[in-house]
Each structure stands twice: as C-alpha cells, then as structure tokens.
Amino acid sequence: MPRPRKKKSSLSHQQKLARALNQACGCGYQEALRRVTEAARQQLLPPVLDQAGRTAALELLLAPDRHRGPQARPILTEHLQQRMLTAFRAAHWPVEADGWAESGQWTGWPGPVRSLLARNRGPLPGAIPEDPDDPGHNDLTQDAEWTFIAPRITGLEPEAMVLTLPGSTPAAELVQQVSAAFAAARAAHIAKLSDRRACEVCADPYPADHLLTVTEAARPQVCPACAFSNDLVDLHPLQLAADLDRLFHQDITLPAGWTAVAALLACAGGQAFLDRLRGDDGRRLAADHWADAGRLWIPLPPAARPAALAGFGPGASLAAVVEAVDRAHPQLTGQVRSLIGAELDAELEDGEDAYDPDDYFVARLWPAVVAYAVCLGTQAQERPGRRSPWHAVDRFAIDSLEDAFEQVGSDLSGGADAYLTLTLGVEAVAEALGWPVRTTATGGGRA
C-alpha cells in the first residue's frame, strides 16, 4: 500500500502556517495550530497550502484579530502575582508565597487570606498545565482571574469569603477589595457565634472551639485572657502553638486575644521555639512566625480606632503595628520604665538601694506588650455585651510565665522582669491608645 504522502505534506503545511500565524499575532504556537486545524475542519483554508496558499490562509486567519483591533500584549501571570504581593506588603500585611506556579496557577497567602491566580480558560488541548506563562501551552493574550479565599484552609464548612476579580484589576484595588470583603466576612461570622462553654478559669463564655488547652493535661480549657494564669500548672505551649496555627489557618473568627498569646510565646522563644516545634528532624509543620513575631497577623478594631492604627486595613503585621504605635507614642517605653521603677521602689525596705528599672524592662517582649494591648482592644470591640478581656492584665503570673518560657526554650527567665514589663506595659499602651483597662482583683499576679 503506498504511503499517504499527500496527507503528510498537508500536515507539514499546516504546521508551517501555524508557525507563521504565531509570529504574526503572538498567540502561542499551540493556539495557532488549534486555529489552523479548526479552519481546516471547516474547509476554510485554500485547497493547496503552498506558499501562495499559506499567504492567503494567513490573511484569512488574521482577519478576526484585525477586526478586534491591535493585537493584545501577552499577559504574564507571574508579573500580576508579584504586583499583588508587593501591594499587600505595602499595605503592611504579612505575606507568604511560593516562588513558582503549580498546576497552572499561582498561590499566595496575604494575611489570613489565600490567593489563587489562573487564566480564565484552561491550557490548550493536550497541554500539561504547569506554567501559566508558557506560550507553548497557553494563549498569553487571555486574561487571568484572581480568587481570594478565607480562611486559608477550609474543611467541611464552606468558605467564609470567596472573592473573584479580573486579573487586570490594579494591585492597589485588589488590596482595597480584599480588605473590605475580609472585614465584612469576619464581622458577619463573629455575629453568628454562640457562646456555649465557659472558660474553666474565669468563667467567661466563649464558643467551644475558642477555648484551648494550654497545659499537658486535657483540662482546663481556657480563654486567651487566662493563658498564663496562676491557676495553671505544667504549661504545654508546644501543643498550644500547634492548635493556634491550625486555627489561624482555618477560623477567621478566632478571638483576637489568642494572637497576643502567640506573640508572647514567639517573642520569648524565637528560633529556639520554632526548632522545638519542628522537631529534631525538622519535618513537623510550624509557621515561621514562631521565630519572628513581627510576621503575625494582628486583627485590628473594626470600628473606632486610635489614630496610631487608623491607616491600616482589617489587620496588619505585628511589626507594622509596633512601628505605628512607637511612632505615635515615642514616650511609651520610657513611661513603662518609670512605672517599673515606681513599682520596685514601693517595695524597698528602709536603707535598701533603689532598683534600676532598666534591669527589669525586657525590650524583647515589647512587641508582645503592644500585641496584647491592640488585640485585647480589638476583642473588646468584636465581642460586645461580654466582659471586657482586660482582666488578662491581672491574670499574668510569674510561675506560669517561667514555666512557659522554659518550655519554648527561651533564654529569658519569665520572672519579675517579664511580669512587670507585661502587666505595666500592656496597661500603659492601652491607655495611650485610648482604651480603659478595667482590671479586677480576680487572682493571678505575682506567684
């Protein structure tokens, strides 16, 4: 049987025509070949695709593009991804992202949100969907599409927020729309919560999932205000950190006070704490913010805000929040040192030399001090009708702080210096921000 030379020659001519079409309009070779194949199927091409036939066919295939106007420039999703990340960083969100696309899409994690970027249409037929900017497998003139989802990881429950936007949306507008959508979703879902269980230390009611175990035993389950209470023994912050990481990823309604607890553990432990969380083989999952508290997402008050926090969206990195508070109130650390000095002097016996307050002010805990003041202020706003969480200031206890600091591998003692820095510092920052601290004699204090 003779070989089908004519068919082989025709296929070769179609490939040449596809290459010429790609060079003329930049649609990508696979898309060009699809257009040629489809035109041949509809019998629109000249019967002979020699040089003259290919020229005529090229004019025919280019006609729709000319009708639509100038050829669109290629849209590179990698550039869109980088612009989005840069815009969220400029808005002071903590941002994480892989440096590569996978399965045809880019993924990012600005704050408590997950971002996805992919092209509107799937890759061309027969392509392996990996790099959305590969011209051999994608039509680069097609627009991309953003999807922003919260919480970052969803289980059986539907997403609290899904926002879809065109890939052409300016990066600054992405931040604005995501901020508004997330704030609305958090407020709406917090309003639906039911307080079904009481903290087993202070008896304040909370949703059952928002009371956590902070000791080696399964009980008590406590609220964030009581995480370092004198009523607790054998604190187990490694398990608490794992629980908080899970909730940070899965629950956008988590009380803001738990972020302050995370900030204190991270400030105290730093890299040593992260190493313990990841284990000797480094394979256990743990977020980088345990080594760098500045990367924590701090929920901010949804309504009236202090001037120092007015420029932020629904939240910001702890590093940005601390910088803003320090810039607005540069006297605060000095004020806290003076308060520590006065507290120490009040305990002096006759003839004793005065203590140096600088020896008791723990600068490394200052971000945690700011986190407690801001997060408790946020929680007070987001949970109206409940007792204000400021009793956390009275709940700090030296024994619990020492226990927790030892467990996270801290080189800080957690003793009187940490206790004074936290109790006096949180109250001073809160009052500077305009929030009354209604402390009560509910126990705790120096053990």
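The values are calculated or read from the model by the stated rules, or taken from the named source; none is laboratory data. From a predicted model like this one, the values you see are computed outputs, not experimental measurements. FYI the Cβ positions are ideal-geometry reconstructions off the backbone, even for glycines, and counts take in every protein chain you see. Note: accessible area is taken over every heavy atom of the protein model, side chains too, but ligands, DNA and RNA are not part of it. Shrake-Rupley method; radii C 1.70, N 1.55, O 1.52, S 1.80 Å.
Taking all protein chains together and a probe of 1.4 Å, list THR164, THR253, THR154 from the most accessible to the least accessible.
The most accessible residue leads, giving THR164, THR154, THR253.
So, with +1 on the Cβ of K and R and -1 on the Cβ of D and E, and no other charges, what is the size of the charge dipole of the chain about its Cα centre, to the nearest 20 debye?
Working: 41 positive and 56 negative charges, 879 e Å.
In debye, rounded to 20, the chain gives about 4220.
Can you tell me what share of the DSSP beta bridges in the chain is antiparallel? A percent to the nearest 5 is fine.
Here the antiparallel bridges make up roughly 95 percent for the chain.
Per DSSP H run of at least 4 residues, take -39500 (n - 2.57); add these up for the chain, divide by its residues and hand me the 222 nm value, nearest 500 deg cm²/dmol.
-14500 deg cm²/dmol
Taking the chain as the reference, fit the longest principal axis to its C-alpha atoms, fit the long axis of helix 29-41 to the helix C-alpha atoms, and give the angle between the two in degrees, 0 to 90, nearest 10.
So the inclination is approximately 40 degrees.
Residue by residue through segment 160-172, which ³J(HN,Hα) values in whole Hz follow from phi under the Karplus form 6.51 cos²θ - 1.76 cosθ + 1.60 (θ = phi - 60°), with glycine and proline marked x?
6, 8, 9, 10, 10, 9, x, x, 7, 4, x, 4, 5
With a 1.4 Å probe and all protein chains left in place, how much of the accessible area of the chain comes from carbon and sulfur atoms, in whole percent?
Here it works out to 51 percent.
Using a probe radius of 1.4 Å on heavy atoms only, what accessible surface per residue do you get for the chain? Whole Å² is fine.
Numbers: 21380 Å² over 447 residues.
Computed with neighbouring chains in place, this is 48 Å² per residue.
Using a 1.4 angstrom probe on the protein heavy atoms only, could you order ASP288, ASP394 from most to least accessible area?
Greatest to least solvent exposure: ASP288, ASP394.
Quick one: what are the phi-derived ³J(HN,Hα) couplings along segment 85-99, Karplus 6.51/-1.76/1.60 with θ = phi - 60°, whole Hz, x for glycine and proline?
Karplus values, whole Hz, x for Gly and Pro: 4, 4, 5, 5, 4, 5, 8, 6, 7, x, 10, 10, 6, 6, x.
Report, in whole Å, the centroid distance computed from the Cα atoms of segment 243-287 and segment 148-192.
23 Å
Go through (1) 0.98; (2) 1.33; (3) 1.05 and flag the label whose value is the computed Cα Rg over 2.2 N^0.38 Å for this structure.
(2)
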